[in-house]
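Chemist: Once you've had a glance at the structure underneath, I'll fire off some questions.
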Amino acid sequence: DRYSRLVDIMGYEVDVRPEGVMLLVQNKDIPGVIGKVGHILGDAGVNIGEYLLSRTKKGEAAYSIVKVDGKLSEDVFDTLNQLEEILSIKQLEV
């Protein structure tokens, strides 16, 4: 698609169409992170449009762009930020 862009974010390559509400997440590259994030968002009634993941080496940090259908409340954002697997998280609306 002509609107997709291969973006280099902090050394991680992600093919993304920058639009809407996106969560920029740096996390530990361990099993269960996607499930925990999805569970928290699902419990809050937040729909995930896309979950894009990139990593440089297995077992090191990974970087995700999670596109959601609406802006997260402060409580939901804080719950995600408190996960020990999450190294950093930002919410961006384009």
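The values are calculated or read from the model by the stated rules, or taken from the named source; none is laboratory data. For clarity, every value in this text was computed on a predicted model and none was experimentally measured. Neighbour counts run over all protein chains shown; Cβ positions are idealised from the backbone, glycine included. When the accessible area is computed, the model is the full protein with side chains, heavy atoms only, and any ligands, DNA or RNA have been set aside. Shrake-Rupley method; radii C 1.70, N 1.55, O 1.52, S 1.80 Å.
Chemist: Which condition breaks for VAL66 when tested against (1) open to solvent by less than 20 Å² (accessible area, probe 1.4 Å); (2) in contact with a helix residue (DSSP H, G or I) (Cβ under 6 Å, 6 or more places away or on another chain)?
Modeler: (2)
Chemist: Given the conditions (1) modelled with pLDDT of 95 or more; (2) exposed (fewer than 12 other Cβ atoms within 10 Å of the Cβ), and given that ASN81 satisfies all but one, which numbered condition is not satisfied?
Modeler: (2)
Chemist: Looking only at the stretch 17-50, filter to residues that are within 16 Å of TYR63 (Cβ to Cβ) and part of a loop (DSSP other than H, G, I, E, B); which one of those is least open to solvent (accessible area, probe 1.4 Å)?
Modeler: ASP29
Chemist: Looking only at the stretch 51-63, count every residue that is buried (at least 18 other Cβ atoms within 10 Å of the Cβ) and not in a strand (DSSP E or B) and tell me the total.
Modeler: Counting residues in the stretch 51-63 that are buried (at least 18 other Cβ atoms within 10 Å of the Cβ) and not in a strand (DSSP E or B) gives 0.
Chemist: How many residues, within the stretch 1-32, are under 21 Å from SER88 (Cβ atoms) and at pLDDT below 65?
Modeler: Adding up the residues that qualify gives 8.
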